[in-house]
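Q: The structure is given below, and queries will be raised subsequently.
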Amino acid sequence: MARLLTGREAASALTEELKGRTASLARQGVTPKLVILRCGENEADGAYLRGALKRGALCGVEVEVRTLPDTASRQQLLDAIDAVNADSTVHGCLLLPEKDVDGMTGTSAAGVYLGRPLGFAPCTAEAVTVLLEHCGVACAGKRAVVIGRSPVVGRPAAMLLLARNATVTVCHTA
């Protein structure tokens, strides 16, 4: 029998868990910090940024947005990346291999495909597995269908389900 899984309850539970973890870190004098490094102002990023700022505030994670001009040179971007990597108060960044938490670097992708902790899985694909776990859905021995094969959602979701011993079919257009 089919069951609709919604993310609201899982998100609330995860937020509460993260609040506890950040409170524990705070007692040790550590405030987790995420930097979002952007090149240019893109209105399409607005909802994503507002969501990251809101979720960070709810969980006790400082979120800082650093925006370079869209005309930034390659060297300016590299310098900004170096500054984030050198900043010991920054624990994660969207963009960087060492501190990437969006799962979009080669290192993170390798971890997803090799089934080893080499970074983070892309957040939407990871959210699928967190939702399944929260709802008590065991993947082992189940058949799963992933619709889409994008490198951001479909492929990583398929790999994460395979790592949980599901039999995965990926459906896509020609």
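The values are calculated or read from the model by the stated rules, or taken from the named source; none is laboratory data. All values reported here derive from a predicted model rather than from experimental measurement. When we count neighbours, we look across all protein chains shown, and the Cβ atoms used for this are built from the backbone with ideal geometry, even at glycine. We work out accessible area using only protein heavy atoms, side chains counted, and drop any ligands, DNA or RNA first. Shrake-Rupley method; radii C 1.70, N 1.55, O 1.52, S 1.80 Å.
Q: At q = 0.17 Å⁻¹, work out log10 I(q)/I(0) for the chain with the Debye formula, treating every Cα as an identical point scatterer and leaving solvent out; two decimals please.
A: -1.23
Q: Let me ask something else. Taking H as built 1.01 Å from N, whose amide H comes closer than 5 Å to the amide H of E64, not counting residues under 5 places away?
A: Residues meeting the criterion, in which the H sits 1.01 Å from N, are L34, V35, I36.
Q: Roughly what angle does helix 74-86 make with the longest principal axis of the chain, taking Cα atoms, 0 to 90 degrees, to the nearest 10?
A: The angle comes out at about 80 degrees.
Q: Test of understanding: in a Gaussian network model of the chain with alpha carbons linked when under 10 Å, which of L132, L96, L161 would top the mean-square fluctuation ranking?
A: For the chain, modelled as a Gaussian network with Cα springs under 10 Å, the answer is L132.
Q: Turning to a different aspect of this structure: Where the accessible area of the chain is counted over protein heavy atoms with a 1.4 Å probe, how much of it, in %, is carbon and sulfur?
A: 58 percent
Q: Show which aspartates and glutamates lie in cross-link reach of K19 when reach means a straight Cα distance below 13 angstrom and same-chain residues fewer than eight apart are skipped.
A: Output for K19: E62.
Q: Under 15 Å from the Cβ of R21, count the other residues' Cβ atoms, weight Lys and Arg +1, Asp and Glu -1, and hand me the total.
A: Once positives and negatives cancel, what remains is +1.
Q: Quick one: 3J(HN,Hα) in Hz for the range 56-66, Karplus 6.51/-1.76/1.60 with θ = phi - 60°, rounded, Gly and Pro as x.
A: Residue by residue, the range 56-66 yields x, 4, 5, 9, x, 9, 6, 10, 10, 9, 10 Hz.
Q: Set Lys and Arg Cβ to +1 and Asp and Glu Cβ to -1, take the dipole of the chain about its Cα centre, and tell me which of C93, T107, P151 lies farthest positive.
A: P151
Q: Quick one: which residues, 5+ away or cross-chain, put their amide H under 5 Å from the amide H of V168? H built at 1.01 Å from N.
A: A144
Q: Let me ask something additional. For the chain, set up a Gaussian network in which alpha carbons nearer than 10 Å are linked by springs, and say which option among A157, A121, A26 fluctuates the most.
A: Taking springs between Cα atoms under 10 Å, the residue moving most is A26.
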